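Q: I'd like to ask you about the structure that follows.
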Amino acid sequence: MDISAGMPPDEVGRGGEGITPELARGLFRAGSRVVVLGDAILDVWLSGRCDRLCREAPAPVVDVRQRSYAPGGAANTAVNLAALGARVSMVTAVGDDATGRRLCAELRNRGVGTDHVAVSGGRATVSKRRIVAGDQLLLRFDDGDTGDGDDVEAARLVETLRAALADADALVVCDYANGALGPRVAEALRGLRSELPLLVLDAHDPGRWRALRPDLVTPNAAEAAELLGTDLPDGGDARVEFLDRHRDRLAEATGAAAVAVTLDRDGAVLLTGSQPVHRTWARPAPENYTSGAGDTFVAAATVALAGGLPITTAVELAQAAADIVVHRPGTAVCTAAELEQRFGTYSSAALDHDHLAGVVAEHRAAGRRVVFTNGCFDVLHRGHVAYLNEAKRLGDVLIVAVNADESVRRIKGPDRPVNTVRDRAAVLAALSCVDHVTVFTEDTPVELLRGLRPDIYVKGGDYTPEMLTEAPVVRSYGGQVRVLGYVPDHSTSAVIERIRAGAGTGEPA
């Protein structure tokens, strides 16, 4: 599957690279076939109360009131895929023990096929047990065999993988260094590379799989730093700039067509060839609520790519899914219904001007730098997304003002807009880089700028500041005017003409 392919014309007409409830619903009901190969773990959560120390040592005593079990590691990725509507087959090795049987049962209960799980009498299934008092994780202890399997186990894994891959739309390889993916399996995969579908890699050591040349690799900050042989700087903006400067080294080290580095509370950074860097913004959560968020990110991105969405849209959807699970305790899963509901809330996302003025005042009181831009944004395309992403990085808060339908008709002609202002606002609000959306009926947002007084006014395209009627207003109160780069041949008009001509978009993602 070519992950750089543009969206089909019908999807472009519904919002291009934006995410709407209808797009999410169609994606999750497509039922893509996904194979997950990797290290499966049984997560056990022992929860209770702690109100005393034991007599033998100054150690807390937890009265366990509840035991819960969940598939972890590669198995959690599989469960997240199934929850997002994919038809999933798990390929892994487990022991012939109670933990292995429990793990397979939990997978089946969550809609994941286990026909291709290899059961080995010489292996103890890996488990991770956590003891929790209230919302506080006190202790984790790990058990099971993490060494490479023998030749017999490796041969069985490869055999079952070949069977599972029949008619698969995607393969996700999850290598957590827990033993299932030894050198023999890696070598066999390299031999199968030309036969593999979309290949997504989630590995503690992505460099080990460089020769496999995955379509997408998803290292976290620590793994990216290890690949580069240096620590990442502190701060989201500094990390984005650093990773962007070293994108060629990351591509070389991983062999991947695209690299999405997940940065926890700083979101994620997508680096794809020579395309502009794309960042997502996360909703931060406590560290003890982030177990398995990376698995959710990988699963959502895979479902989106397998469904034919552009890679920037895929990572936006992945970030939204991760944001849902990090606000829950335990090994959480994001469902298709939850993501549909999340994007459905954006259908009335536009704030009225009075409400927005109050919100901006709160941001300013908190010392946040407010960035403002405006436009029709009729059919959202890659040029728009890259421009908005860059605008967000100029400050802390990004406000997008959208021309009302009657305003668009006056500016663009009687056959525009293609999408109503309600739909256009909803799609914009679904982008993680956009904080607030509002609608204005005039041809320019001059009056809105006078009222909000943003720190930076941004326009994208082949303008100069002197060409903008808004520039004198912004400068009159001490604001800055910035013009960002123009993306050639990616205007809305060009996209619409290609749709009408029946030629599709032809855009790289």
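The values are calculated or read from the model by the stated rules, or taken from the named source; none is laboratory data. For clarity, every value in this text was computed on a predicted model and none was experimentally measured. Cβ: placed from backbone, ideal geometry, glycine included. Neighbour counts: every protein chain shown.
Q: Considering only residues that are closer than 14 Å to L356 by Cα and surrounded by 15 or more Cβ atoms within 10 Å (Cβ to Cβ), look in the stretch 448-458 and name the one that is nearest to the chain's Cα centre (by Cα).
A: Of everything passing the filter in the stretch 448-458, P454 is nearest to the chain's Cα centre (by Cα).
Q: Among the candidates A256, A282, A260, single out the residue that is in a loop (DSSP other than H, G, I, E, B) and modelled with pLDDT of 90 or more.
A: Unique residue meeting the criteria: A256.
Q: Taking the stretch 65-98 as the region of interest, how many residues are without any contact (Cβ under 8 Å) to a residue 40 or more places away in the chain and more than 18 Å from V298 (Cα to Cα)?
A: Going through the stretch 65-98 one residue at a time, the tally reaches 7.
Q: A further question on this structure: Any residue in the stretch 218-235 that is surrounded by 18 or more Cβ atoms within 10 Å (Cβ to Cβ), in the same structural domain as A170 (by TED's automatic domain parsing), closer than 18 Å to E316 by Cβ and free of Cβ contacts under 8 Å to residues at least 60 places away in the same chain?
A: No: zero hits.
Q: Taking R239 as the residue in question, decide whether it is crowded, with 17+ Cβ neighbours inside 10 Å, of a type in the set (K, R), touching a strand residue (DSSP E or B) at 6+ places or on another chain (Cβ under 8 Å) and modelled with pLDDT of 95 or more.
A: Answer is no for this residue.
Q: Give A336, A391 a once-over and let me know the one that is assigned by TED's automatic domain parsing to the domain that holds L84 and either modelled with pLDDT under 90 or surrounded by 18 or more Cβ atoms within 10 Å (Cβ to Cβ) (or both). Full working, then the answer.
A: Details: A391 fails: assigned by TED's automatic domain parsing to the domain that holds L84.
Selected residue: A336, the only one of A336, A391 that is assigned by TED's automatic domain parsing to the domain that holds L84 and either modelled with pLDDT under 90 or surrounded by 18 or more Cβ atoms within 10 Å (Cβ to Cβ) (or both).
Q: Next question. Tell me, which strands (runs of 3 or more DSSP E) wholly within the stretch 371-488 include 1 or more residues that are among the charged types (D, E, K, R) and within 30 Å of D244 (Cα to Cα)? Talk me through it step by step, then tell me what you get.
A: Details: elements: 397-403, 436-440, 456-460, 480-484.
Once the strands (runs of 3 or more DSSP E) in the stretch 371-488 are filtered for at least 1 residues that are among the charged types (D, E, K, R) and within 30 Å of D244 (Cα to Cα), what remains is 456-460, 480-484.
Q: Right, another one. Quick one: would you say V473 is of a type outside the set (F, W, Y) and under 14 Å from G375 (Cβ atoms)? Reasoning before the result, please.
A: Details: of a type outside the set (F, W, Y): yes; under 14 Å from G375 (Cβ atoms): no.
Taking the combined requirement at face value, the residue does not satisfy it.
Q: Something else: For S476, work out the one condition from (1) in contact with a Phe, Trp or Tyr (Cβ under 9 Å, 6 or more places away or on another chain); (2) at pLDDT 90 or above; (3) surrounded by fewer than 19 Cβ atoms within 10 Å (Cβ to Cβ) it doesn't fulfil.
A: So S476 meets the others, but not (1).
Each row is one residue, and each column tells you yes or no for (1) at pLDDT below 95; (2) assigned to a helix (DSSP H, G or I); (3) not small (G, A, S); (4) not assigned by TED's automatic domain parsing to the domain that holds T272.
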{"site": "L138", "(1), (2), (3), (4)": "yes, no, yes, no"}
{"site": "D145", "(1), (2), (3), (4)": "yes, no, yes, no"}
{"site": "V152", "(1), (2), (3), (4)": "yes, yes, yes, no"}
{"site": "E159", "(1), (2), (3), (4)": "yes, yes, yes, no"}
{"site": "A163", "(1), (2), (3), (4)": "yes, yes, no, no"}
{"site": "A177", "(1), (2), (3), (4)": "yes, no, no, no"}
{"site": "E187", "(1), (2), (3), (4)": "yes, yes, yes, no"}
{"site": "R190", "(1), (2), (3), (4)": "yes, yes, yes, no"}
{"site": "R193", "(1), (2), (3), (4)": "yes, yes, yes, no"}
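Q: Can you list residue pairs whose Cβ atoms sit under 7 Å apart, with the first residue in the stretch 381-404 being free of Cβ contacts under 8 Å to residues at least 40 places away in the same chain and the second being of a type in the set (S, T, Y)? Count only pairs 6 or more apart in sequence or on different chains.
A: Listed pairs, sorted by first residue: V400/T373; A404/T441.
Q: Among (1) in contact with a strand residue (DSSP E or B) (Cβ under 8 Å, 6 or more places away or on another chain); (2) touching a residue at least 40 places away in the same chain (Cβ under 8 Å); (3) on the phi < 0 side of the Ramachandran plot, where does G273 come up short?
A: (3)
Okay, residues lined up against (1) within 27 Å of the chain's Cα centre (by Cα); (2) at positive phi:
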{"site": "G122", "(1), (2)": "no, no"}
{"site": "R129", "(1), (2)": "no, no"}
{"site": "G144", "(1), (2)": "no, yes"}
{"site": "V152", "(1), (2)": "no, no"}
{"site": "V172", "(1), (2)": "yes, no"}
{"site": "A180", "(1), (2)": "yes, no"}
{"site": "P183", "(1), (2)": "no, no"}
{"site": "L192", "(1), (2)": "no, no"}
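Q: Here's another thing I want to ask about it. What's the number of the only condition in (1) over 30 Å from Q319 (Cα atoms); (2) surrounded by fewer than 20 Cβ atoms within 10 Å (Cβ to Cβ); (3) in contact (Cβ under 8 Å) with a residue 40 or more places away in the chain that P445 fails to meet?
A: Checking P445 against (1) over 30 Å from Q319 (Cα atoms); (2) surrounded by fewer than 20 Cβ atoms within 10 Å (Cβ to Cβ); (3) in contact (Cβ under 8 Å) with a residue 40 or more places away in the chain, the one that fails is (2).
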